[in-house]
C-alpha cells in the first residue's frame, strides 16, 4: 500500500511506498526533503490510479510554488559584445576617440542596469572590459588635447604682450 501526502514546501502530492516510513523523501518538484511518518494519509490502489491521471497543479493558485529551475526572469539582453567591440575599436582606431566615448557611456548605463537586476548579468565582464578600454582611450585622447589647447591659449596671450 502507498502513503500519499502533500510536500511541506510546495504542496505537491507525494506517493511513497509504505515500507519507507521513518525515512525522508525528496519532492521531485521543489527538492525539499519530507519525513514520511505513520500518520500520513494512506491511499488504496484504486484512488491512487485515478489521481495519477489528474491534471497538473494550477500555476496561478496561491499554493503553487515553481521549482527554482523553472523560474524564468524577464531580463533585458546584455550588450557586452557591443561595448567590448566599441572598446576594441577605440584602441584600433588611433585617430578617433568616439568609439571610446560610446563604450564608456553605454558601459556605465549597462552596469547600472545589471546591478539593479534589469539586465542579464552574464555580460558583466565584457561590459566592464569594454567600458574600461573606452575610458582609458578617451582619457588618453582628451587629456593631451586639453593640455595642447591650454598651452596654445597661453602662448597666444604670452606672445601678444
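Looking at this structure, is residue 123 under 23 Å from residue 86 (Cα atoms), within 16 Å of the chain's Cα centre (by Cα) and in the same structural domain as residue 84 (by TED's automatic domain parsing)? Spelling it out, residue 123 is indeed under 23 Å from residue 86 (Cα atoms), within 16 Å of the chain's Cα centre (by Cα) and in the same structural domain as residue 84 (by TED's automatic domain parsing). When residues in the range 93-124 are screened for being surrounded by fewer than 16 Cβ atoms within 10 Å (Cβ to Cβ) and more than 14 Å from residue 141 (Cβ to Cβ), 10 of them pass.
Filtered by the rule that a residue be at pLDDT 65 or above and under 10 Å from residue 2 (Cα atoms), the range 22-45 gives no residues. Checked against the criterion of being assigned to a helix (DSSP H, G or I), at pLDDT 70 or above and exposed (fewer than 14 other Cβ atoms within 10 Å of the Cβ), the range 46-66 has no qualifying residue. Among the conditions (1) surrounded by 14 or more Cβ atoms within 10 Å (Cβ to Cβ); (2) at pLDDT 85 or above, residue 77 misses just one, which is (1). With respect to being at pLDDT 90 or above and not assigned by TED's automatic domain parsing to the domain that holds residue 31, residue 111 fits the description.
The values are calculated or read from the model by the stated rules, or taken from the named source; none is laboratory data. If you're wondering where the values come from, they're calculated on a predicted model, not measured in any experiment. As a convention, Cβ positions derive from the backbone with ideal geometry for all residues, glycine included, and neighbour counts pool all protein chains shown.
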